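Engineer: Once you've had a glance at the structure underneath, I'll fire off some questions.
The values are calculated or read from the model by the stated rules, or taken from the named source; none is laboratory data. Computed from a prediction, not measured in an experiment: that's the story for all the values here. Here Cβ is always computed from backbone atoms with ideal geometry, including for glycine, and neighbour counts include all displayed protein chains.
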Amino acid sequence: MMKIIVSVAFTLFCAWPTPALAQAPPAGFPNVVGALKATPGCLGVETAQTPGGKRVIFAWFESKKALVDWYHGDAHQKAMKAVFPNLTFDRQPLPDLAEDSGPILTIVSVKFDSATISSIGIELYGPLPGGVTVGGRFAPDALKVRGLREMPR
């Protein structure tokens, strides 16, 4: 499981297109953020950097199936092989997550120290009913949240 987590996090961040990233991805490495945005079932993608230096990707998927399809997709598989060319990834991801779990927010954070990774985190969240928005929100509009109050500006 740890190999899967490390590979997903590292592959997402090596392909992050931002000038602030000091470590450039290897030549031929797929544009993972671009591929995420074009993936069926991916509702939206945002990137950020924390004051502490972590690079973060927020990717909203409409379902477990969409997230697992992304995992098995060409861009992600090429990225994993680029980072771990000698490993075989033969475990089905997210075996403990129900098929009907609903939308999933995947947050991937990576912190680099020089040319190495000092920390990686992959976290999965689902929307809770409620909340309020005035003039917009962080989640993509395609993500429907039960009970969300949308107030005029």
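Engineer: If you check every pair at least six apart or on different chains, which have Cβ atoms under 6 Å apart with a residue in segment 130-153 that is without any contact (Cβ under 8 Å) to a residue 40 or more places away in the chain and over 20 Å from Ser63 (Cβ atoms) first and a residue that is among the aliphatic types (A, V, I, L, M) and assigned to a loop (DSSP other than H, G, I, E, B) second?
Structural biologist: Hits for this filter: Gly131/Leu148.
Engineer: In addition: Name the residue, out of Tyr125, Tyr71, that is closer than 22 Å to Glu46 by Cβ, among the hydroxyl-bearing types (Ser, Thr, Tyr) and loosely packed, with under 15 Cβ neighbours inside 10 Å.
Structural biologist: Within the list Tyr125, Tyr71, the selection yields Tyr125.
Engineer: Only one of (1) in contact with a strand residue (DSSP E or B) (Cβ under 6 Å, 6 or more places away or on another chain); (2) exposed (fewer than 14 other Cβ atoms within 10 Å of the Cβ) fails for Ala59. Which number is that?
Structural biologist: Result: Ala59 fails condition (2) only.
Engineer: So, one more: So in segment 26-54, with the set limited to residues that are among the charged types (D, E, K, R) and farther than 20 Å from Lys78 by Cβ, which one is modelled with the highest pLDDT?
Structural biologist: Glu46
Engineer: I'd like the residue in segment 56-66 that is of a type outside the set (Phe, Trp, Tyr) and in contact (Cβ under 8 Å) with a residue 40 or more places away in the chain and, out of all such residues, is farthest from Pro103 (Cα to Cα).
Structural biologist: Selected residue: Val56.
Engineer: I've got another one for you. Name the single residue that is nearest to Thr106 (Cα to Cα) among those in segment 27-56 being among the charged types (D, E, K, R) and surrounded by fewer than 17 Cβ atoms within 10 Å (Cβ to Cβ).
Structural biologist: Step by step, filter segment 27-56, then rank; the result is Glu46.
Residue by residue, here is whether (1) modelled with pLDDT of 95 or more; (2) out of contact with any Phe, Trp or Tyr (no Cβ under 9 Å at 6 or more places or on another chain); (3) under 15 Å from Phe112 (Cβ atoms) holds:
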{"position": "Ala9", "(1), (2), (3)": "no, yes, yes"}
{"position": "Pro17", "(1), (2), (3)": "no, yes, no"}
{"position": "Ala24", "(1), (2), (3)": "no, yes, yes"}
{"position": "Phe61", "(1), (2), (3)": "yes, no, no"}
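Engineer: Same structure, new question: Hand me the list of strands (runs of 3 or more DSSP E) wholly inside segment 79-153 holding 3 or more residues that are at pLDDT 90 or above and closer than 27 Å to Pro51 by Cβ.
Structural biologist: So the answer is 104-113, 116-125, 132-134.
Engineer: Of all residues being touching a helix residue (DSSP H, G or I) at 6+ places or on another chain (Cβ under 8 Å) and not hydrophobic (A, V, I, L, M, F, W, C) in segment 78-99, which is surrounded by the most Cβ atoms within 10 Å (Cβ to Cβ)? Just the residue, please.
Structural biologist: Per the criteria, the residue is Pro93.
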